[in-house]
Amino acid sequence: MGTFHHVNTIVGLQTALSHLTPPRTIGFVPTMGALHRGHQSLIERARQDCDVVVVSIFINPLQFAPHEDLERYPRSLTADLQLCRDLGVDIVFTPSVHELYPHGLDGLTTVDPPKQLTSGLCGRSRPGHFRGVATVVLKLLHIIQPDRAYFGQKDAQQLAIIRRCVADLNLDVEIIACPIVRDSDGLALSSRNQYLSERERATALALSQALQLATQAFRNGCVTAAILRQQVTSHLQQFPDLRLDYAELVHPDTLAPLEQVDTVGLLAIAAWVGNTRLIDNCLLDRRLGILAIDGPAGAGKSTVTRQAAHALGLQYLDTGAMYRAATWWCLQHHIDLTDEVAVVEAVAQCRIRLDSRDPNQPSQVWLNDQDITAAIRSLEVTQRVSQVAALPGVRRLMVQQQRQMGAQGGVAAEGRDIGTHVFPEAGVKIFLTASSQERAKRRWQELQEQGQQEITYEDLLQQIIERDTADQQRACAPFRKAADAIEVCTDNLSIADVIDKIVHLYRSRYPQA
Ligand SMILES: Nc1ncnc2c1ncn2[C@@H]1O[C@H](COP(=O)(O)OP(=O)(O)OP(=O)(O)O)[C@@H](O)[C@H]1O
Ligand SMILES: CC(C)(CO)[C@@H](O)C(=O)[O-]
Ligand code: BAL
C-alpha cells in the first residue's frame with residue numbers, strides 16, 4: 001500500500017481501509033503490544049500472504065480478572081510502532097478503552113464462547129478471560145473485516161475458541177495459526193517473560209524442557225495421555241520454585257480431554273514461576289501432513305500428484321475433478337453459467353466423493369452417489385470448468401468439501417490455490433511449473449490419445465495463455481506461489497524425475513511416509 005498509518009480511532013482506521021484500491025486482501029494481527037519475535041512471525045506471515053497488513057495493539061481490560069496484571073502489563077508503543085514500520089505493516093490500530101467500549105464494560109454485549117471450550121485449561125483459573133478475548137477479537141474482526149487473521153499457536157486455547165466463534169457466528173475470515181517462536185534455549189516468547197528475574201527465567205525453561213521430553217516419548221511410540229502427562233509432571237516437580245497449574249492432553253480443536261493420541265493431541269501446560277503465569281504447549285501429531293502441489297494448468301500436476309500420493313501412501317484429492325464435477329452438474333441442469341447465484345445454488349447441492357487409489361486411472365468421481373468419472377472429462381466440461389471455478393461462491397463450496405476431506409491429513413492435493421488458500425497449513429508445498437508451449441503440447445497429446453482431434457495445438461496454446469492471465473488477475477483466489485512453496489520446473493525433467501524429487505522432499509519432512 002505504501003503509506004504507513006498509525007490510527008487511534010475506528011473512523012480513522014476505516015478511512016485508511018477505504019482508500020485501498022480493490023481487489024486487495026487484508027491480513028490482521030491482533031496483539032496487546034510489547035511486540036517480540038513471536039508477534040513478528042505473525043506479522044511476517046500476514047505480509048507474505050496479504051496485500052494489506054493491519055496490526056492492532058490493545059490491552060483489553062475485559063480479558064483481565066481484577067487480581068490479574070492489567071496495570072503492569074508491559075507497554076512499549078514507540079518500539080512497537082517502529083517494528084511495525086520496519087516489517088512493512090500498513091496500518092497500526094491503537095484504540096483507547098473508550099474507543100472500543102464507549103458504554104463501559106458493565107452491561108456490555110459480549111461473545112460467550114461454548115463452555116466446553118472455556119471451562120478447562122486456562123479457563124479454570126481465568127474465569128471470564130475467554131469471553132473477554134472473544135468479545136474484543138470479534139469486535140476487531142467486524143471493524144476491520146480482514147480476509148485473514150493471524151494467531152499464535154502458543155495461545156492454543158484462544159486459537160481454538162476464536163476458530164469456533166468465527167464459525168458459529170459465520171464470520172467471513174480465515175483464521176491462520178502460526179507456530180510458537182522460542183528463544184534459542186527453548187523458552188516460548190511471551191510479553192510476560194519480561195516479568196521474570198534471571199533466576200525465574202532459568203526455572204521457566206522447565207516448561208519447554210518438559211514438553212520436549214513428552215515429544216520425545218511420543219516419537220518413541222508413547223501415545224497414552226497418562227504417561228505423556230507423567231513425563232511433564234515428573235520433570236516439573238524437580239523445580240520447587242515452579243507451581244504447576246495444569247498439564248493436559250486435549251484435542252486441539254474441541255479441547256476435549258484425550259486418553260490417548262489417535263490422530264492429533266495438544267499437550268498444554270500452565271505454571272506459575274514466582275508471580276508470573278506462563279503457558280506453553282506442543283502438538284503431538286500422528287497424521288501424515290498434507291502435500292500441496294500448485295501450478296499453472298498443464299504443468300503435469302495431476303499426473304505427478306497422483307503418482308507421488310501413491311508412492312507416499314497418501315490419498316490423492318483431485319480438486320480439478322471436483323470443479324469439473326460441479327461444472328458438469330450445472331451443464332446437466334442447464335444452468336446459465338453467467339448467472340452466478342444460480343450456479344452457486346446448484347453447486348451447493350453437489351456432494352462429491354473421490355477415489356484415486358489407482359494412479360494409472362483417472363480419479364473415479366461420484367456426485368450425489370452417481371458415477372460421473374467419464375462424463376466430467378468431456379470437451380464441453382473442459383471448456384467451461386475455468387469459468388465455473390472462477391466464481392467465488394463455487395470456490396467457497398468446494399474448499400469446504402476439500403478441507404473436510406483433508407481434515408485427517410495424509411492427503412495430496414493439486415490445484416492453483418491449495419498451498420495459499422485451501423490448506424495454508426500444508427506440511428509440504430510444491431509449485432510445479434512448465435512453459436506454456438510445453439503445457440499446450442502435453443494437453444494436445446492427451447486429447448489426441450482420447451481421440452479428440454478437432455482442436456489444434458495453436459488453439460490450446462492460446463487457451464492456456466488466456467487462462468493463465470485470467471487466473472492471475474481474478475479477484476477470488478488469484479493464482480500465486482505460496483511464500484513457503486518449493487518451485488519445481490518440469491520442462492526438462494521426466495515425470496519419474498519430478499515424482500522422485502517430490503517424494504524425497506515429502507519424506508524429508510515426514511520420514512514415516
Ligand atoms: N512465542 C510466540 N510464538 C508465536 N505466537 C505468539 C508468541 N507469543 C505470542 N504470540 C501470539 O501473538 C498474539 C498476540 O499475543 P499477545 O500480545 O498476548 O502476546 P504474548 O506474548 O502471548 O503475551 P502474553 O504471553 O503475555 O499473554 C497471539 O495470537 C499470540 O498467540
Ligand atoms: C488476541 C488478543 C490480542 C485479544 O486481546 C490477546 O488475547 C492476545 O494478545 O493473545
Ligand atoms: N496472550 C493472551 C492474552 C492474555 O493472557 O491476556
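Quick note: the coordinates plus some simple rules give every number you see, no bench work behind them. Treat the numbers as computed from the prediction; the structure is a model and nothing was measured. When we count neighbours, we look across all protein chains shown, and the Cβ atoms used for this are built from the backbone with ideal geometry, even at glycine.
Per residue, the average separation of C-alpha pairs within less than 8 Å and at least 6 apart gives the chain a relative contact order of 12 percent. Basic side chains Lys and Arg get +1 at the Cβ, acidic Asp and Glu get -1 at the Cβ, and with that the dipole of region 291-509 about its Cα centre reaches some 620 debye. The HN-Hα couplings worked out from phi for region 252-267 by the Karplus form 6.51 cos²θ - 1.76 cosθ + 1.60 (θ = phi - 60°) are x, 9, 8, 6, 6, x, 10, 8, 7, 8, 8, 10, 8, x, 10, 9 Hz, whole numbers, x standing for Gly and Pro. Of the residues Gln194, Thr254, Val232, the one whose Cα sits farthest towards the positive end of the charge dipole of region 191-285 is Gln194 (charges of +1 on Lys and Arg Cβ, -1 on Asp and Glu Cβ, taken about the Cα centre). Have a look at Ala389, Gly451, Val52 and report the one farthest towards the positive end of the charge dipole of the chain, computed about the Cα centre with Cβ charges (Lys/Arg +1, Asp/Glu -1). So the residue furthest toward the plus end is Val52.
Taken over the C-alpha atoms, the chain has Rg and Dmax values of 25.0, 80 angstrom.
Could you give the size of the charge dipole of the chain about its Cα centre, using +1 on the Cβ of each K and R and -1 on the Cβ of each D and E, expressed in debye and rounded to the nearest 20?
On the way: 50 positive and 57 negative charges, 201 e Å.
Here the size comes out at about 960 debye.
Computed over region 191-285, the percent of Cα pairs more than 15 Å apart is 56. Secondary structure note: in the chain, about 45% of the DSSP beta bridges are antiparallel. Over all orientations, region 5-178 has a Cα convex hull whose mean projected area works out to 9.7 square nanometres.
Cross-link reach is defined here as a Cα-Cα straight distance under 17 Å, omitting same-chain residues fewer than 8 places apart; for Lys481 the lysines meeting it are Lys301, Lys429. With R₀ fixed at 22 Å, the C-beta to C-beta distance from Gln230 to Arg287 puts the FRET efficiency at about 0.35.
Of the residues Thr433, Ala177, Ala16, the one whose Cα sits farthest toward the positive end of the charge dipole of the chain, with +1 on the Cβ of Lys and Arg and -1 on the Cβ of Asp and Glu, is Ala177. Summary value for region 191-285: 29 percent relative contact order, contacts being C-alpha pairs under 8 angstrom separated by 6+ residues.
Cross-link partners of Lys115 among lysines, defined as those whose alpha carbon lies under 22 angstrom from its own and excluding same-chain residues fewer than eight positions apart: Lys139, Lys154. Beta bridges from DSSP with both residues in region 291-509: antiparallel share about 25 percent, rounded to the nearest 5. The alpha carbon gyration tensor of region 291-509 gives principal lengths a ≥ b ≥ c with a/c below 1.5, which makes the shape rounded.
Place the peptides 73-86, 204-217 in order of packing, highest mean first, counting for every residue the other Cβ atoms within 10 Å and averaging per peptide. Present the calculation step by step, with values, prior to reporting the outcome.
Details: 73-86: 15.3, 204-217: 20.6.
For the peptides 73-86, 204-217, the packing ranking is 204-217, 73-86.
Could you size up the charge dipole of region 191-285 around its Cα centre, putting +1 on the beta carbon of Lys and Arg and -1 on that of Asp and Glu, and report it in debye to the nearest 20? Intermediate values should be presented prior to the final figure.
On the way: 7 positive and 10 negative charges, 62 e Å.
Roughly 300 debye, rounded to the nearest 20.
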